[in-house]
Amino acid sequence: MSIVLGVVLTFTSTDGRSLALDVTLASNATVSVELEGRKLEGTLLASDPFTAISFGPFGLPTANALATIRVAGESPIVAEIPARRIGRTRVAIYGDSRDGDAPHRILSQAIREAEPDVLIHTGDLIRTANDEQGFAEFLAALWPQPTEEHKRLVPLVIALGNHEVLGPGNGLDTLLASVPVPPDRFARANATPPAVFHVNVGPVRIISIDSNSPMAAGSRQYEYLGQLLGAQQGQKLTIVAMHHGPLSSGVHGGHPDGAQLMELFQRKGVDIVAAGHDHLYERIVSDRVTVLVSGGGGAPLYWRTTNVPGSIAFAPTHHYVLLDVDDDGGVRLEARSLEGVLLDRAKWRGAPESPPNVPPRPWASALGLVTGLAMMGYVGKRILFRSLPK
């Protein structure tokens with residue numbers, strides 16, 4: 001009998017109205033899926049890592065739908081595919097879960113309990129390209145085998161990290177076979193890297209770009225962003241997901257193309273940039289663009305090494321972020337730690353105001369006033385720092 005490494009729900013159209021179930025196995029098997037009276041069947045030949053088969057596309061359900069998945073006629077898995085809420089869309093964000101199976105499992109459980117409508121992973125979900133065991137652990141933490149009647153799936157959006165393509169072999173192709181991206185006419189027109197796409201989820205437009213490839217002015221991705229951001233699609237909030245973010249107070253800092261990207265984002269009305277790479281939480285507001293560094297999914301944590309202007313909240317801890325987006329554009333943000341501690345909270349309607357620049361010297365925490373230079377912005381693994389006004 002085959003081992004099921006995981007079942008993933010993905011978007012198959014950029015309008016967010018079409019989905020697919022992607023099943024990944026470790027050995028040859030026949031897989032069948034029954035969904036709303038339809039029975040689909042396919043056979044996998046598991047000659048390569050991440051061998052996957054896609055069932056779909058099928059339309060976004062108007063009510064919670066159940067899909068029964070059987071491998072080699074045995075081990076039924078009943079997966080719930082929830083309909084999107086009316087009036088509000090919940091987006092969960094986290095990343096850099098590689099090498100951190102235990103914290104990743106705890107965070108994944110908290111995310112599942114929050115019942116998001118879409119999940120954004122900011123990259124580095126495995127240690128190296130074609131890491132079959134790491135990918136199995138990622139899926140097992142994200143959607144474990146059900147102990148109850150069924151499990152709730154959430155559409156997954158991945159921003160390609162550097163570890164997915166680190167090392168020998170074509171890690172990109174094998175990853176995209178298991179977590180495929182929807183065809184994007186803007187991406188095709190600009191011949192972007194294959195992991196680049198966008199999808200509309202209710203009032204939210206999510207754009208996933210490949211920060212391992214050029215993003216500066218004149219690059220294919222920059223031209224793609226310019227065209228897509230200039231096309232009105234009726235969404236109230238735009239999120240750009242990328243692994244190497246444009247700004248960060250952590251050890252890696254911002255991407256070399258970050259300044260040009262931020263100018264484009266500010267000019268074209270991007271609301272939120274969701275990034276990882278630095279293993280920490282940070283919220284930065286720069287000229288009405290919110291940059292979220294969410295790389296605390298389980299990998300070893302990083303400390304603060306500088307103070308980026310506009311940094312409002314910083315916590316070197318494992319965490320996840322929830323965004324509630326109203327259909328009329330109102331946004332509520334919460335970041336919570338591994339233990340469920342509230343790290344950050346904000347709400348706004350329209351673009352948030354940029355905070356005043358703050359000096360890199362003073363920092364406040366639950367332990368009182370400390371100097372950022374002496375402590376590198378770090379007092380314990382679970383302490384949140386907020387910049388003090390001048």
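Read-outs throughout are calculated quantities, based only on the coordinates presented, and are distinct from any laboratory measurement. Not measured: the values here are computed from a predicted model. Neighbour counts are summed over all protein chains in view; Cβ atoms, including those assigned to glycine, are modelled from backbone coordinates with ideal geometry.
Loop sites here are GluC sites (Glu not before Pro) outside DSSP states H, G, I, E and B with no more than 13 other Cβ atoms within 10 Å. The longest part of the chain free of them is 150-338. Relative to the 2.2 N^0.38 Å rule of thumb, the chain has a C-alpha radius of gyration ratio of 0.96.
What shape does the stretch 44-127 take by its C-alpha gyration tensor, where a ≥ b ≥ c are the square roots of the eigenvalues and a/c under 1.5 counts as rounded, a/b above b/c as prolate, and the rest as oblate? Oblate. The label point for ARG345 and the one for GLU115, both projected 7 Å from the Cα toward the Cβ, are 2.1 nm apart.
With r as the distance between the Cβ atoms of GLU74 and ALA189 and R0 = 45 Å, compute the FRET efficiency 1/(1 + (r/R0)^6) and round to 0.05. Efficiency for this residue pair is about 0.50. The dipole here belongs to the chain: it is taken about the Cα centre, uses +1 on the Cβ of Lys and Arg and -1 on the Cβ of Asp and Glu, and is about 1140 debye. Distance between the pseudo-spin-label points of THR306 and GLU223 (7 Å out from Cα toward the beta carbon): 3.1 nm.
Report note on the peptides 302-312, 52-62: ranked by the mean count of other C-beta atoms within 10 Å, highest first, their order is 302-312, 52-62. With a Förster radius of 25 Å applied to the C-beta separation of ASP101 and ASN162, the computed FRET efficiency comes to 0.80. Label 7 Å along Cα→Cβ of THR30; the stretch 71-86 residues with amide nitrogen under 12 Å? Flagged as within label range: 71-74. Full extension of the segment from ALA63 to ASP328, taken as 0.36 nm per residue of separation minus the current Cα-Cα distance, would add 93.2 nm.
Each of LYS151 and ALA83 was given a label point 7 Å from its Cα along the Cα-to-Cβ line. The distance between the two points is 2.5 nm.
What the Cβ-Cβ distance of ARG38 and HIS252 gives, at R0 = 51 Å and to the nearest 0.05, is a FRET efficiency of 0.65. Shape class of the stretch 79-137 from the Cα gyration tensor (axes a ≥ b ≥ c, square roots of the eigenvalues): prolate, since a/c reaches 1.5 or more and a/b is larger than b/c. Near THR290, once Lys and Arg are set to +1 and Asp and Glu to -1 for all other residues with Cβ below 10 Å from its Cβ, the sum equals +1.
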